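Engineer: Pasting a structure below so you can have a look.
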Amino acid sequence: MLAVTVAQALGMLFTPRAAAAAAGGEFEIRAIDEQTKQPIAVRVHLKDAQGKPVRPGKLPFWHDHFIMPGKAVLELRPGRYTFEMERGPEYRIRTGHFEIRRGDADNRELVMQRFVDMKEEGWWSGDLHIHRPPHEIELVMLAEDLHIAPVITWWNANNAWSAAEPPASLVTCFDQNRFYHVMTGEDERAGGALLYFNLSRPLPIAAAEKEFPSSCEYLALARKDPNVHVDVEKPFWWDMPAWIASGQVDSIGLGNNHMQRDQMLDNEAWGKPRDRIAFPAPHGNGLWSQTIYYQLLDCGLRIPPSAGSASGVLPNPVGYNRVYVHCGPTLNYDTWWKNLRAGQVVVTNGPLIRDPRLNGELPGHVFRAEGGQTVQLQATLNLSIRESVDYLEIVKDGAVVHQVRLQDWADSGGRLPPVEFDRSGWLLVRAVTGNPKTYRFASTGPWYVEIGGQRRVSRQAAQFFFDWVYERARRIELPVGEKRDAVLKYHRAARDYWQKLLSEANAE
């Protein structure tokens, strides 16, 4: 017999089967949606008694998990096993353990409980950094309950279309409101990584060297396509100030692949390193990303945050870091990107900030007033969590001005304390868990306040990026000559951009 020990709270159904597998045991597992009573695709993390991930035969597998389409029959060696079953952040996680004995064959049915339906509230999820095979993506999206999935098919010298013809339609819609695009690309070299979306063909980067041509050249080339969306993959990449100075990027990865499901990638790769005393592990890298982003906002820039997981090259599942975009009751592919650029977003890898409003307006809104006037603002939102969040935080012009305990927020009917502006600035709301292994958080996109027709430009923030440009230029690994000059011209242009902002600063 198959021995099974499961906490009663899991509510699992276990029924013996008569057949038996010869060498080990055969175990059938099914996932059922609580509402529809129908099978649903899920992600499963199955580990043996030594804690090693188990890889089943033909199911899509990455790093430590596999995807199953509602049902799977697993042939397992005798022993004890543990599992976690997930379907994105809007469903409860199911966990359990069981034992397989030689020749046994049994099954189990797990009911997946949805506790939030973001799309019913007008918010639709996407992951901007996916390296998984296109033929797997539909099942993966279903298992992660993801609605927008641009799949990277060209990346530096790798190009899936060099020996194959792209499909006539690069965007596929399935399951009524799930979309994926198969012409997404990444230029990842010495200065960092830019992600390109909605192009009709790859950029000619296959022969690019580590530093030459400048990534800014390909950025300008991509901008000739009116449909392109360009994302700065992480805030701390060395060339980020130059990309921002070009005025040609649309979003920046606040929730990025250094934030992982069970750990942090606790370095800045070949980007600008953080001060490890000011930003200690394990949360330091995540806080460093946020600090840099806040400095951009402090320069008067209105660039929305995005999120990506890099599943397929780093351990994350697809959709671990995701951005929710407000599109209302019906999802349209082009509208999703338009509203992402408008900043109507929530970024998360855990807590679900639901329908945040500031004086009734979505993130990305600009509140304007005449000089000498003040602006009173109050945020409202709902919050759903699967792990502890101690506080909701209101961040104004880069500083936490209110830290609100969840009980106090609940007692106020979902309202946060009012915030007053007597000069231009910005505001967002974030929630951070106490997870000891990784930086697990949620953040709204920013709202903006413009008083007297001027944006707030912080002298300190502009100086931060001005100095960054000089530091990056000194690191360029090219000998004196034409190539070096061709690359340096973009950094000189960036120097001039940040110098001009510095001269226009109107706040400390």
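The values are calculated or read from the model by the stated rules, or taken from the named source; none is laboratory data. Given the structure is predicted, the values throughout are model-derived calculations rather than measurements. In this analysis, Cβ positions are derived from the backbone assuming ideal geometry, glycine residues included, and neighbour counts consider all displayed protein chains. Heads up: the accessible areas ignore ligands, DNA and RNA and are worked out on the full protein's heavy atoms, side chains in. Shrake-Rupley method; radii C 1.70, N 1.55, O 1.52, S 1.80 Å.
Engineer: What whole-number distance in Å separates the alpha-carbon centres of the range 228-301 and the range 320-396?
Structural biologist: If you average the Cα positions of each part, the centres end up 20 Å apart.
Engineer: Along each principal axis of its Cα atoms, how long is the range 99-242 end to end? Whole angstroms, biggest number first, please.
Structural biologist: Ordered largest first, the range 99-242 gives principal extents of 60, 44, 36 Å.
Engineer: Could you size up the charge dipole of the chain around its Cα centre, putting +1 on the beta carbon of Lys and Arg and -1 on that of Asp and Glu, and report it in debye to the nearest 20? All intermediate terms of the calculation are to be shown ahead of the outcome.
Structural biologist: Working: 58 positive and 61 negative charges, 97 e Å.
The dipole of the chain has a size of about 460 debye.
Engineer: Cross-link candidates for LYS500: which lysines have Cα within less than 29 Å, leaving aside residues fewer than 8 places away along the same chain?
Structural biologist: LYS224, LYS234, LYS272, LYS396, LYS483, LYS489
Engineer: Something else: Counting other Cβ atoms within 10 Å of each Cβ, which GluC sites (Glu not before Pro) in the range 207-299 have at most 13 and sit in a DSSP loop? Numbers along the way, then the final one.
Structural biologist: Numbers: sites: GLU209, GLU211, GLU217, GLU233, GLU268; in loops: GLU209, GLU211, GLU233, GLU268.
The qualifying sites are GLU209.
Engineer: Rounded, prolate or oblate: which one fits the range 162-267, using the alpha carbon gyration tensor with axes a ≥ b ≥ c (rounded when a/c is under 1.5, else prolate when a/b beats b/c, else oblate)?
Structural biologist: Numbers: a/c = 1.70, a/b = 1.17, b/c = 1.45.
Because a/c hits 1.5 or more and a/b fails to exceed b/c, the range 162-267 counts as oblate.
Engineer: Based on the alpha-carbon gyration tensor of the range 258-323 and its eigenvalue square roots a ≥ b ≥ c, which shape applies: rounded if a/c is under 1.5, prolate if not and a/b is larger than b/c, or oblate? Intermediate values should be presented prior to the final figure.
Structural biologist: Details: a/c = 2.28, a/b = 1.22, b/c = 1.87.
Oblate is the answer for the range 258-323, as a/c is 1.5 or above yet b/c matches or exceeds a/b.
Engineer: Straight-line reach only, C-alpha to C-alpha below 19 angstrom: list the lysines that LYS119 could link to, leaving out same-chain residues fewer than 8 apart.
Structural biologist: Straight-line reach from LYS119, under 19 Å: LYS338.
Engineer: A follow-up question, please. For the range 115-132, what does the Karplus curve 6.51 cos²θ - 1.76 cosθ + 1.60, with θ = phi - 60°, yield as ³J(HN,Hα) per residue in whole Hz, taken in order and with x for Gly and Pro?
Structural biologist: 10, 9, 10, 4, 5, 5, 9, x, 10, 10, 8, x, 10, 8, 9, 10, 10, 8
Engineer: Which whole-Hz ³J(HN,Hα) couplings does the range 427-442 yield from phi under the Karplus relation 6.51 cos²θ - 1.76 cosθ + 1.60, θ = phi - 60°, glycine and proline marked x?
Structural biologist: Couplings: 8, 8, 10, 9, 10, 10, 7, x, 3, x, 9, 8, 8, 10, 8, 9 Hz.
Engineer: Hey, another quick one. Heavy atoms only, probe 1.4 angstrom, no DNA, RNA or ligands counted: give me LYS224, LYS52 ranked by accessible area, highest first.
Structural biologist: Details: LYS224 160, LYS52 125 Å².
The ordering from most to least exposed comes out as LYS224, LYS52.
Engineer: Skipping prolines and chain starts, which residues have an amide H placed within reach, meaning under 5 Å, of the one on TRP426, given they are 5 or more residues away or on another chain?
Structural biologist: So TRP426 has HN proximity to ASP397, VAL449.
Engineer: Something else about it: Indicate the gyration tensor shape class of the range 315-404 (rounded, prolate or oblate), computed on the Cα atoms with a ≥ b ≥ c the square roots of the eigenvalues: a/c under 1.5 is rounded; otherwise a/b larger than b/c is prolate and the rest oblate.
Structural biologist: The shape class here is oblate.
Engineer: Right, another one. Farthest toward the dipole's positive end in the range 416-507, which of ALA493, THR433, GLY481, given Cβ charges of +1 (Lys, Arg) and -1 (Asp, Glu) about the Cα centre?
Structural biologist: Of ALA493, THR433, GLY481, it is GLY481.
Engineer: Averaged per residue, what accessible surface does the range 345-417 expose to a 1.4 Å probe, in Å²? Numbers along the way, then the final one.
Structural biologist: Values: 3380 Å² over 73 residues.
Each residue of the range 345-417 exposes 46 Å² on average to a 1.4 Å probe.
Engineer: Right, here's the next one. Using modelled amide H (1.01 Å from N, peptide plane; none on Pro or chain starts), what sits under 5 Å from the amide H of GLY24, excluding residues fewer than 5 places away?
Structural biologist: Amide H to amide H, under 5 Å and 5 or more residues apart or across chains, GLY24 pairs with GLY103.
Engineer: Oh, and also: Compare the Cα positions of LEU139, GLY88, GLY103 along the charge dipole of the range 86-154 (+1 at Cβ of Lys, Arg; -1 at Cβ of Asp, Glu; about the Cα centre) and return the one farthest towards the positive end.
Structural biologist: After comparing all options, I get GLY103.
Engineer: Quick one: putting +1 on the C-beta of Lys and Arg, -1 on the C-beta of Asp and Glu, what dipole do you get for the range 365-410 around its Cα centre, in Debye to the nearest 20? Kindly include the intermediate steps, with their values, before the conclusion.
Structural biologist: On the way: 4 positive and 6 negative charges, 21 e Å.
Roughly 100 debye for the range 365-410.
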